[in-house]
Amino acid sequence: MNELDPPTMIHDTFAYVLVAALALMIAATMDPHGALRQTQWFLIGFWIAALVLQLAMGWNIISLPSVEPWFWDRFRGWAENPNQVGLYCAVFTPLSLSLALSARGFGRIVAFFSCLLSLIVGRLTKSDTFLIAMTAALALLLLLRLRSWLTSPEHRSSLRFAIGLFVILAAAPLALSLTPYAVATAGDVESLAFSLTKDRGGNATKATAALRLQLWGDALDIGLNTGSVGLGPGPHLTKPNVANVNNLPLPFEAHSTLMDVFLQGGLLGVMAVCGLFATTIALVLRARLDVLAALVATLSIFSISHFILRHPIVWFALALSLILGSERTTSPQARPGT
């Protein structure tokens, strides 16, 4: 039987209580055009100020005791590791874009600046998951915007509708004509993709992948041995059999939302989390909230290789998506696509 670690279990218990209270408070402000929208703007304002301050620390303009903003060549600001900053940047990028598309005047400029700043800082973290999530979110957003242009009645006679229709009709023949070129340049594309990852796809990337696979396998084995009922809050994995883990804290987490939930809450917990994400993305897709759909997709991608449920910003994003999605489905006259 796997040993339990009371301090980490208490830590996770308090973290879950915090995010539950936050989600309930957000749900209590059900007016999406009142207190909830003001909260979004407050978050964006504090986020911009925090990022600017952390970047100033990173370039030695200012300094704070006991704060090291760099983990080797990866930016981590005030966080414990760069991946935490990458998660917040991945959330605030679509969150800021959503506000920018629905704002006017100076507010739109501020929201776009927040979106751009989040992208820059996220890239400085050299988080591979951030890069994958932003690429996938952009592709999904473009597809959803194209869907909105083609299916919205007010766009039927517009130039955007004609362009979108032309793109769809030309996609198949264009793909066929570019196939030989794509095959010839496949090696260059692969090199470009590796150049964007940390360590350019070298030993650091391989070591991270090996560690993740080892932890996921161990988590599955331990979870099944518990009868799929879970061991309660906290990490429950022993030291994995891979190199360069001597300095990491024990016990280990699986670094995957589904695997960690399986360890902590069993099969019932996994079903609950999957149901929450599936319901949320189905709701925002039905409400034609394209940017929020990209936001939920970003969270889904991050959940594959990170345990994200302890971060309050994750629950804020999910609650916001559920509230705005519910409001949009009951108010069809609202503006689509934001």
Practice task
May I ask you to sort H11, H33, H306 by Cβ crowding, counting other Cβ atoms within 10 Å and putting the fewest first?
Solution key: H33, H11, H306
Exercise for the section: State, to one decimal in nm, how far the label point of R286 lies from the label point of L150, with both points 7 Å from Cα in the Cβ direction. Expected result: 2.3
Exercise for the section: Using only alpha carbon pairs under 8 Å that are at least six residues apart, calculate the relative contact order of the range 30-147 and give it in whole percent. Expected result: 22
Handout entry: L116-T226 FRET efficiency (beta carbon distance; Förster radius 51 Å; 0.05 resolution)
Key = 0.65
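Each reported figure results from applying straightforward, stated rules to the coordinates on display, with no laboratory input. Just so you know, these numbers come straight off a predicted model, no measurement behind them. All Cβ positions, glycine included, derive from the backbone under ideal geometry; neighbour counts span all protein chains shown.
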